[in-house]
1. Residue 12 versus residue 38, label points 7 Å from Cα toward the beta carbon: distance in nm?
2. Give me the number: length gained by fully extending residue 119 to residue 46, i.e. 0.36 nm times residue separation minus the C-alpha to C-alpha distance, one decimal in nm.
């Protein structure tokens, strides 16, 4: 088993994120996580492009995609755009059922069905 070290960023200013990405790579981190909160931080996929353009080897991606606020078409189109821009080789993906207050009121079987349906819609784009 290999242990890799990563860091998660909560990006605000693009120039600040670029500096963080370069510093993380220079100091030996292997993974960069980008917070995915449309109301709190910069757009996660724009930040992923900044990571791709300002790094050589470090892997990066959302920490984590929230399927309650990210329609499957948005996540899938981002995957296709990443492939077209040759960024996918370094892109890490994670999905979590966010909005804990909402999920606490939803029956477990409904959560499982929702997450399975969401993943089935998005997965084909990541394979292209």
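1. It works out to 2.3 nm between the two label points.
2. Numbers: separation 73, 0.36 × 73 = 26.28 nm, distance 2.19 nm.
Using 0.36 nm per residue and subtracting the Cα-Cα distance, I get 24.1 nm.
Read-outs: derived from the displayed coordinates by stated rules, not from any lab. It should be emphasised that the depicted structure is a prediction, and the values quoted were computed from it without experimental measurement. Virtual Cβ from ideal backbone geometry, glycine too; neighbours counted across all protein chains shown.
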